[in-house]
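Every read-out reported here was derived from the displayed coordinates using simple, explicitly stated rules and does not represent laboratory data. The structure displayed is predicted, hence computed values, not measured ones. Methodologically, a virtual Cβ is constructed for each residue, glycine included, from the backbone with ideal geometry; neighbour enumeration extends over all protein chains shown.
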Protein chains: 2
Amino acid sequence: MEAVDRPPNVADVEAAAAQLRGVAVRTPVLESEALNERAGGRVLLKAECLQRTGSFKFRGAYNTISQIDASAVVAYSSGNHAQGVAAAAKLLNKRATIVMPADAPAIKIENTRAYGAGVRLYDRARESREAIGAEIAARTGAALIRPYDDPRIVAGQGTAGLEIAEQTEAHGLNLHVALAPCGGGGLIAGCALALTSACPGIAIYAVEPAGLDDTRRSLAAGERVANAPGATSICDALLLPTPGELTFQINRRLLAGGLTVTDDETRQAIAFAFRHLKLVVEPGGAVALAAVLTGKLALEGRTAAVVLSGGNVDPALFAAAITARSQ
Amino acid sequence: MEAVDRPPNVADVEAAAAQLRGVAVRTPVLESEALNERAGGRVLLKAECLQRTGSFKFRGAYNTISQIDASAVVAYSSGNHAQGVAAAAKLLNKRATIVMPADAPAIKIENTRAYGAGVRLYDRARESREAIGAEIAARTGAALIRPYDDPRIVAGQGTAGLEIAEQTEAHGLNLHVALAPCGGGGLIAGCALALTSACPGIAIYAVEPAGLDDTRRSLAAGERVANAPGATSICDALLLPTPGELTFQINRRLLAGGLTVTDDETRQAIAFAFRHLKLVVEPGGAVALAAVLTGKLALEGRTAAVVLSGGNVDPALFAAAITARSQ
């Protein structure tokens with residue numbers, strides 16, 4: 001696919017920002033005294049859970065769909081890309097079909113349908129979402145909207161990073177470090193394009209669930225390596241076997257490295273965000289915060305940006321995380 | 001007390017905004033497609049749960065304490081004013097003692113202590129918080145920081161309304177209606193000063209829990225009336241017997257009326273905010289949203305501002321609200 005051959009650059013991120021102006025939410029950057037004290041530095045939280053559809057995925061989806069001619073789109077996603085594509089397609093008057101795993105959080109499936117998209121459920125163990133998506137695209141003429149390996153998607157997600165740079169500058173602060181959750185790597189690749197351009201010398205870290213640290217190990221190895229089959233986590237948004245091809249091209253060049261957190265550390269980060277930030281953050285959206293809370297990186301005297309990438313979490317999981325005694 | 005004799009005006013609110021600049025969070029105004037569809041109009045949500053200390057109370061507390069000479073302060077509060085005073089006193093290098101009911105939410109008591117304040121618990125049924133506060137003030141020379149009946153408090157809370165007016169104008173919108181939770185009436189009185197000045201013709205409604213609608217009934221009667229003794233609600237922030245003296249002077253002049261919601265409607269509003277807004281809202285902070293969700297006011301074709309005034313809620317109550325089947 002030719003799109004993969006042309007990696008995006010910071011100008012593409014800026015163009016995406018112009019495309020998204022007045023459509024995407026310019027999400028706030030929030031601070032917590034409790035968190036700053038714990039980190040010994042300043043931690044700026046980019047609240048992408050407050051984005052349209054409850055995650056950053058709307059950015060890339062809208063940027064991509066606004067550039068295609070087809071009157072219908074198809075996507076495969078465990079949920080956040082699904083909602084992003086469904087909502088963007090609705091705004092742009094295109095029909096959307098989303099291929100989702102039958103075990104995706106109910107809230108993500110319901111919300112995707114609520115945006116007017118058709119949902120095709122599949123069995124994660126027995127069926128290939130790529131094959132189903134390609135079949136629907138071939139049969140209906142719908143354009144396939146990839147979740148991360150597309151320069152328009154990466155540029156769209158990068159607008160979150162562009163905003164972080166602008167918002168940090170408006171606070172008169174100099175960013176030393178940035179951390180973001182990493183699944184396929186589109187969010188962090190896009191943010192890295194924007195942030196390394198705006199903040200020379202910044203160290204950017206991908207954060208992944210333990211056992212699903214394909215990006216961390218790929219960065220260390222210098223090539224894309226896969227997670228062990230069957231590895232799983234409560235971070236449903238981050239359950240991918242390998243880094244993306246396009247995203248890894250960018251990330252190996254721009255990232256400082258990868259960090260991992262356990263599911264229990266992620267649950268505690270969800271509880272912290274509930275208690276101190278008053279934000280609803282989903283497991284996959286909370287891993288970068290979890291890395292800060294557990295001191296995976298020394299932040300004394302430094303200023304760090306942390307992306308809270310989404311908030312689409314089923315009530316039962318959230319309720320269990322906030323009422324657990326370990327917080 | 002002479003302060004009560006001099007009601008604040010919009011110039012006082014503007015002066016408070018200058019005082020709070022760079023200290024209070026300029027909280028975002030958020031929108032939800034699901035909510036707009038349900039209301040048939042545009043609903044702008046002022047997310048004061050994202051304010052320092054998790055509620056709007058920081059605004060009035062900081063504005064007041066920054067104007068006093070005493071090196072110590074004392075306050076009585078079920079929790080949000082407590083945290084606001086404790087955090088503001090800490091920032092301004094003053095000692096704080098807070099008189100809190102023993103049955104206040106644990107999270108509010110713990111957070112108040114975490115800001116470095118001394119906490120004196122009392123029995124809501126057998127002791128008078130006013131008497132305890134006055135005794136501490138007399139004995140220690142601490143300045144009493146009232147929760148609402150003080151023009152500096154009202155002006156401080158009104159900065160939330162000033163921001164709503166500015167943020168709405170930045171969106172190119174014209175506000176027709178505003179709704180805010182009402183306990184002692186400081187928040188809505190301050191917001192009414194700012195909003196009636198910036199948006200002539202706006203209709204402003206106080207929202208209260210059913211059975212604790214002293215402001216609604218007082219507005220109808222033209223004089224301050226009390227709730228039935230023993231009336232209670234899950235809205236711990238709004239459990240007050242009568243409207244404030246100063247606040248009612250303002251509210252009877254500027255408000256369009258009062259609305260009430262049941263505790264079950266409030267729980268459903270908490271669940272809605274969890275699901276669609278990704279915000280943690282406490283019961284007392286969710287009543288104005290509950291009024292919109294249950295259609296207590298016709299909003300078709302109109303633009304309404306709704307204040308989500310706080311997010312300090314105990315995990316067990318929140319977990320029960322979001323997992324209840326009725327949502």
- Expected max-MSF residue from B:244, B:222, B:190 in the GNM of chain B (alpha carbon, under 10 Å) is B:222
- Can you tell me the dipole magnitude for the stretch B:94-216 around its Cα centre, using point charges on the Cβ only (Lys, Arg +1; Asp, Glu -1), in Debye to the nearest 20? 540 debye
- Before rounding to the nearest 500, sum -39500 (n - 2.57) across all DSSP H runs of length at least 4 in chain B and divide by the residue total; then give [θ] at 222 nm in deg cm²/dmol. -13000 deg cm²/dmol
- Inverse mean reciprocal Cα-Cα distance (Kirkwood Rh) of the stretch A:1-88, Å: 15.1 Å
- Task: Express as a percent, rounded to the nearest 5, the fraction of DSSP beta bridges in the protein assembly as shown (both residues included) that run antiparallel.
- Result: 10 percent
- Item | Rg in Å to one decimal, and Dmax rounded to a whole Å, for chain A via C-alpha atoms | 18.1, 57
- Output the Cα-based Rg and Dmax of the stretch B:57-144 in Å, rounding Rg to one decimal and Dmax to a whole number. 11.8, 34
- Lys and Arg at +1, Asp and Glu at -1: neighbours of residue A:236 with Cβ under 12 Å from its Cβ sum to -2
- Task: Project the alpha carbons of the stretch B:202-327 onto their principal axes and report the range along each, largest first, in whole Å.
- Result: 41, 39, 21
- Query: If you take all C-alpha pairs in the stretch B:1-154, what percent of them are over 27 Å apart?
  - Reply: 28 percent
- If each residue's Cβ is checked for other Cβ atoms within 10 Å, how do A:314, A:103 rank with the fewest at the top? A:103, A:314
- Task: Restricting things to alpha carbons, find the Rg to Rh ratio for the protein assembly as shown using the Kirkwood radius for Rh.
- Result: 0.99
- Task: For the stretch B:1-146, give the share of DSSP beta bridges that are antiparallel, in percent and rounded to the nearest 5; count only bridges with both residues there.
- Result: 15 percent
- Task: With springs only between Cα atoms under 10 Å apart, run a GNM on chain B and tell me which of B:47, B:210, B:273 wobbles the most.
- Result: B:210
- Task: Scale the Cα Rg of the stretch B:117-202 by the rule-of-thumb value 2.2 N^0.38 Å and send over the ratio, two decimals.
- Result: 1.47
- Enter the Cα centre distance for the pair the stretch A:140-200 and the stretch B:222-241, rounded to the nearest angstrom. 49 Å
- Item | Principal-axis tilt of helix A:186-198 within chain A, Cα atoms, nearest 10 degrees | 50 degrees
- Message: Can you say what percent of the DSSP beta bridges in chain B, counting only those with both residues inside, are antiparallel? Round to 5.
- Response: 10 percent
- Query: Gaussian network model of chain A, Cα springs within a sub-10 Å range: biggest mean-square fluctuation belongs to which of A:307, A:13, A:99?
  - Reply: A:99
- Message: Please compute the modelled spin-label separation between residue A:264 and residue A:95, points set 7 Å along Cα→Cβ, answer in nm with one decimal.
- Response: 5.0 nm
- Query: Quick one: what does P(r) look like for the stretch A:97-256 with 10 Å bins over all Cα pairs, in whole %?
  - Reply: 10, 33, 34, 19, 4, 0
